[in-house]
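Read the structure below first, then the notes.
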Amino acid sequence: MNRTEQETFQLTAELAEAYEELFVPRFFAQWAPYLLDGAGITTGQQVLDVGCGTGVVARAAAGRVAPGGKVVGVDLNEAMLAVARRVAPELRWQQGDAGGLPFDSESFDVVVSQMAMMFFPEPAAAVREMRRVVCPGGTVGVLVPGSLAGNPPYELFVDVVSRHAGEEARRLVTSYFALGDLDRLSGYFADAGLAVTATDRPVGEFRYDSIDQVIGVELDSTPLGGRLGPGVREAIVADCRTALAGYVTGTGEVLFPFECRLVIATNRLKV
Ligand SMILES: C[S@@+](CC[C@H](N)C(=O)[O-])C[C@H]1O[C@@H](n2cnc3c(N)ncnc32)[C@H](O)[C@@H]1O
């Protein structure tokens, strides 16, 4: 395994379809109204969704900015954008990197990003780009997973994975929680010249059909999927059945509480 490999959540076309069908409704959709409320999105605004994936936030924003507003979704991954285009062909979807957004300066009223910034190789540069493209007085809102310590079932899962697949595997599966320190996260905004107006630690949930699905989702969405040695996946599943037994419901589903971080910031008006 390449030691400097960065987890960027680059799903295949097949996994992008599964993401939209299974995991947007049961996990990602719950956060969009919260982020859009925080960012104060209203009628007529121009909104950018950075790391839009299959478009759940952009679609929800489109309902709020009509009539007269416009929503654009930008993502690195064409497979995610292909799903976004199929589901909402009326919106604008653009391939691009958060570290160098393909838009003119001061071209949006609001920039939002949900569950994506922890995958950007340089989060500070991405926030500077968000500031560049938002107009003076505009709003930037970001929602990311909280810390690993604040998400105990994932801490248990990560311990099992690193026991069987090693420390590099641990680094890959903990990428999700890389921006969980709210002070550090807020610091990116302040350093970019944005004024943080609100922060929060919202709690939602992730519902899986089974322990096998936990392993499938959490390993196969990373470069680890498909490259574990013989018997390793089976050993991880077996140990997770014990470690995560307390999160299995009476119907056999697995229900994890999930804590996030929200930062809302304003691009100060020029004087
Ligand atoms: C977990 S998905 C979240 C998607 C969507 N915001 C949602 O809430 O469903 C993370 C997304 O970030 C995108 N991404 C990762 N690195 C990126 C980058 N440098 N620039 C733009 N998008 C990126 C991935 O392609 C993926 O679609």
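The residues packed around Phe206, meaning those with a beta-carbon under 12 Å from its beta-carbon, carry a net charge of -3 if Lys and Arg are +1 and Asp and Glu are -1. By accessible area, using a 1.4 Å probe on protein heavy atoms only, the range 56-138 has 50% of its surface on carbon and sulfur. Under the convention that each Lys and Arg Cβ holds +1 and each Asp and Glu Cβ holds -1, the size of the dipole of the chain around its Cα centre is about 620 debye.
Amide H to amide H distances under 5 Å link Arg261 with Val144, Gly146, where only residues 5 or more positions off or on other chains count and H is placed in the peptide plane.
All other residues whose Cβ lies under 14 angstrom from that of Glu21 are scored, Lys and Arg at +1 and Asp and Glu at -1, for a net of -2. Helix 232-243 and the longest principal axis of the C-alpha atoms of the chain enclose an angle of approximately 90°. Please report the spacing between the Cα centers of the range 126-193 and the range 213-250 in Å, no decimals. The range 126-193 and the range 213-250 have Cα centres spaced 22 Å from each other. Hey, can you find the accessible area per residue of the chain for me, probe 1.4 Å, expressed in square angstrom? Ligands and nucleic acids excluded, the result is 42 Å² per residue.
Per-residue ellipticity at 222 nm computed for the chain from its helices equals -10500 deg cm²/dmol, with DSSP H segments shorter than 4 residues left out and the rest contributing -39,500 (n - 2.57).
Helix 211-220 sits at what angle to the longest principal axis of the chain, using alpha carbons and giving 0 to 90 degrees rounded to 10? Helix 211-220 and the main axis of the chain meet at about 60 degrees. Computed from Cα atoms, the angle from the helix 182-191 axis to the main principal axis of the chain rounds to 30 degrees.
Summing charges over neighbours of Arg86, with a neighbour being any other residue whose Cβ is under 13 Å away from its Cβ, gives -3 when K and R count +1 and D and E count -1.
Hey, can you rank 187-196, 112-121 by average C-beta count inside 10 Å, highest first?
Ranking, from highest mean packing down: 112-121, 187-196.
The values are calculated or read from the model by the stated rules, or taken from the named source; none is laboratory data. Model, not experiment: these values are computed from the prediction. FYI the Cβ positions are ideal-geometry reconstructions off the backbone, even for glycines, and counts take in every protein chain you see. With ligands, DNA and RNA removed, areas are computed over all heavy atoms of the protein, side chains included. Shrake-Rupley method; radii C 1.70, N 1.55, O 1.52, S 1.80 Å.
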